[in-house]
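Visitor: Pasting a structure below so you can have a look.
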Amino acid sequence: MGSVRLDKVFKRFDHGAVVVNDFNLSVEDKEFVVLVGPSGCGKSTTLRMIAGLEEISEGSIFIDERLVNDVPPKDRDIAMVFQNYALYPHMTVYDNLAFGLKMRKYPKEDIKKRVTHAAEILGIGALLDRKPKALSGGQRQRVALGRAIVRQPKVFLFDEPLSNLDANLRVQMRTEISRLHNQLETTMIYVTHDQIEAMSMGDRIVVMKEGIVQQIDTPLSIYNEPANRFVAGFIGSPTMNFFEGRLTDTGGITFASAEGNLSLPLHNQDRSRLAQRVNSAVALGIRPEHILAKQQSEHGRKVAVRIQVTEPVGNEIFLYFAIGPSPNQYVSRIPADVQPAAGKD
């Protein structure tokens, strides 16, 4: 079993700054949970507290229902993969993989079996006699993963392990880590600032901002039902469009803004909830893929826009536009076969 539980965990530094504020999370055995947020939000500090590399200021951390607040890292039955590969340059790949086991006095046959098995899983069996300087970035990252795998820990911790790789290798290693999770069936907690990594890898996502958990849910639920404006704007690429305005009641709920008025088609439950906000300032969030070019649909409210920039990205186009005299810029995601031109209405 490899469950992890953080109960009312705080991290304060000596100068008084609170970098992790009342963090609560239960990770089930074999679950893949991703901590995501902007730089400085406390996600890596949280991971390091789980690993025992940072002391917690307040609260409790449990691994497999065992309180580990005062347990040293080597006795927590975890393995951590860092952003930098931390390989020993003078050792071969085999010796890098075996080093931790040798330090723990494992029998030679057991070490050989574990190293061979990890190398087979990662497809680096032919590299065991090489030294790190003879490896590519992706191969070095696989060795770093292998060094964690040979430990056979209850929990894997990943601290932005793909940040040093180029875009193509990041995609490749992303799928590799997901495949490893399915194959090893071990609990994994993964830290990243990249919301695409979070959405594509995690069973659940923990969105953080300034040390505070904003939302914990599945990727799809976070995308479709963000808990607040920060989550809505942080998750999704391009980011969600926000229109500032007020709600009015003209026989139905209408959103009035500098860009115009929009009657909102609402279910009864949503209508009664929003009726309480009539005459209040609100922000209306619309995902880029929900703003269509007129060629895509004859239905819905049509709005004239000023196209400012078109960004072709292969099979689709990101269309940046303004509405009326408003200086605000918005974005739509449309198919590549729709070809509006910048500077036109």
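Visitor: Of all residues in segment 122-135, count the ones that are in contact with a helix residue (DSSP H, G or I) (Cβ under 8 Å, 6 or more places away or on another chain), over 13 Å from Leu87 (Cβ atoms) and either surrounded by fewer than 18 Cβ atoms within 10 Å (Cβ to Cβ) or acidic (Asp, Glu) (or both).
Guide: Looking only at that region, the number is 3.
Visitor: In addition: Would you point out the residue of segment 228-247, among those that are of a type in the set (Phe, Trp, Tyr) and in contact with a Lys or Arg (Cβ under 9 Å, 6 or more places away or on another chain), that is surrounded by the fewest Cβ atoms within 10 Å (Cβ to Cβ)?
Guide: Phe242
The rows are residues; the columns are (1) aromatic (Phe, Trp, Tyr); (2) within 29 Å of the chain's Cα centre (by Cα).
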{"residue": "His90", "(1), (2)": "no, no"}
{"residue": "Asp95", "(1), (2)": "no, no"}
{"residue": "Phe99", "(1), (2)": "yes, no"}
{"residue": "Tyr106", "(1), (2)": "yes, no"}
{"residue": "Lys113", "(1), (2)": "no, no"}
{"residue": "Ala118", "(1), (2)": "no, yes"}
{"residue": "Gly123", "(1), (2)": "no, yes"}
{"residue": "Leu127", "(1), (2)": "no, no"}
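Visitor: When the residues of segment 248-271 are filtered to those that are under 22 Å from Gly324 (Cβ atoms) and among the small types (Gly, Ala, Ser), which remaining residue is surrounded by the most Cβ atoms within 10 Å (Cβ to Cβ)?
Guide: Residue satisfying both the conditions and the ranking: Ser257.
Visitor: Moving to a separate point now. Which condition number does Met103 fail, the rest of (1) farther than 30 Å from Gln195 by Cβ; (2) surrounded by 13 or more Cβ atoms within 10 Å (Cβ to Cβ) being met?
Guide: Single failed check for Met103: (2).
Visitor: Restricting attention to segment 78-112, which residues are touching a Pro at 6+ places or on another chain (Cβ under 9 Å), under 16 Å from Asp159 (Cβ atoms) and part of a loop (DSSP other than H, G, I, E, B)?
Guide: Phe82, Gln83, Tyr85, Leu87
Visitor: Could you please let me know if Ile205 is in a strand (DSSP E or B), under 19 Å from Ala232 (Cβ atoms) and touching a helix residue (DSSP H, G or I) at 6+ places or on another chain (Cβ under 9 Å)?
Guide: Yes.
Visitor: Just to check your reading of the model, which residue among Leu145, Leu157, Leu165 is assigned to a loop (DSSP other than H, G, I, E, B) and at negative phi?
Guide: None of the others qualify; the one that does is Leu165.
Visitor: A further question on this structure: Please go through segment 49-68 and pick out each residue that is surrounded by fewer than 14 Cβ atoms within 10 Å (Cβ to Cβ) and either assigned to a helix (DSSP H, G or I) or in contact with a Ser or Thr (Cβ under 8 Å, 6 or more places away or on another chain) (or both).
Guide: If the condition is that a residue be surrounded by fewer than 14 Cβ atoms within 10 Å (Cβ to Cβ) and either assigned to a helix (DSSP H, G or I) or in contact with a Ser or Thr (Cβ under 8 Å, 6 or more places away or on another chain) (or both), then Glu65, Leu67 are the ones that fit.
Residue-by-condition table, conditions (1) touching a Gly at 6+ places or on another chain (Cβ under 6 Å); (2) surrounded by 13 or more Cβ atoms within 10 Å (Cβ to Cβ); (3) within 24 Å of Tyr330 (Cα to Cα); (4) touching a residue at least 40 places away in the same chain (Cβ under 8 Å):
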{"residue": "Asp203", "(1), (2), (3), (4)": "no, yes, no, yes"}
{"residue": "Asp217", "(1), (2), (3), (4)": "no, yes, no, no"}
{"residue": "Ser221", "(1), (2), (3), (4)": "no, yes, yes, no"}
{"residue": "Arg273", "(1), (2), (3), (4)": "no, no, no, no"}
{"residue": "Asn279", "(1), (2), (3), (4)": "no, no, no, no"}
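Visitor: Could you list all residues from segment 65-90 that are closer than 14 Å to Val143 by Cα and either hydroxyl-bearing (Ser, Thr, Tyr) or in contact with a helix residue (DSSP H, G or I) (Cβ under 6 Å, 6 or more places away or on another chain) (or both)?
Guide: The answer is Ala79, Met80, Val81, Tyr85, Leu87, Tyr88, Pro89.
Visitor: Six or more apart or on different chains, Cβ atoms under 9 Å: show the pairs whose first residue is in segment 231-252 and within 15 Å of Ile205 (Cβ to Cβ) and whose second is buried (at least 19 other Cβ atoms within 10 Å of the Cβ) and among the small types (Gly, Ala, Ser).
Guide: Close Cβ pairs satisfying both conditions: Phe234/Gly37; Ile235/Ala198.
Visitor: Going through segment 35-64 one residue at a time, which ones are acidic (Asp, Glu) and within 27 Å of Arg140 (Cβ to Cβ)?
Guide: Within segment 35-64, Glu54 is the sole residue that qualifies.
Visitor: Collect the residues in segment 6-47 that are of a type in the set (Lys, Arg) and either without any contact (Cβ under 8 Å) to a residue 60 or more places away in the chain or buried (at least 20 other Cβ atoms within 10 Å of the Cβ) (or both), keeping them in residue-number order.
Guide: Lys8, Lys11, Arg12, Lys43
Visitor: Does any residue of segment 247-270 turn out to be β-branched (Val, Ile, Thr), part of a loop (DSSP other than H, G, I, E, B) and at pLDDT 80 or above?
Guide: Within segment 247-270 (the criterion being β-branched (Val, Ile, Thr), part of a loop (DSSP other than H, G, I, E, B) and at pLDDT 80 or above), the answer is no, since none of the residues qualifies.
Visitor: State whether the residues of segment 202-210 include one that is under 16 Å from Lys43 (Cα atoms), within 13 Å of the chain's Cα centre (by Cα) and small (Gly, Ala, Ser).
Guide: Yes, because at least one residue in segment 202-210 is under 16 Å from Lys43 (Cα atoms), within 13 Å of the chain's Cα centre (by Cα) and small (Gly, Ala, Ser).
Visitor: Would you mention how many residues in segment 290-335 are surrounded by 13 or more Cβ atoms within 10 Å (Cβ to Cβ), modelled with pLDDT of 90 or more and outside any strand (DSSP E or B)?
Guide: 1
The values are calculated or read from the model by the stated rules, or taken from the named source; none is laboratory data. Note that this is a predicted model, so its numbers are computed, not measured. Here Cβ is always computed from backbone atoms with ideal geometry, including for glycine, and neighbour counts include all displayed protein chains.
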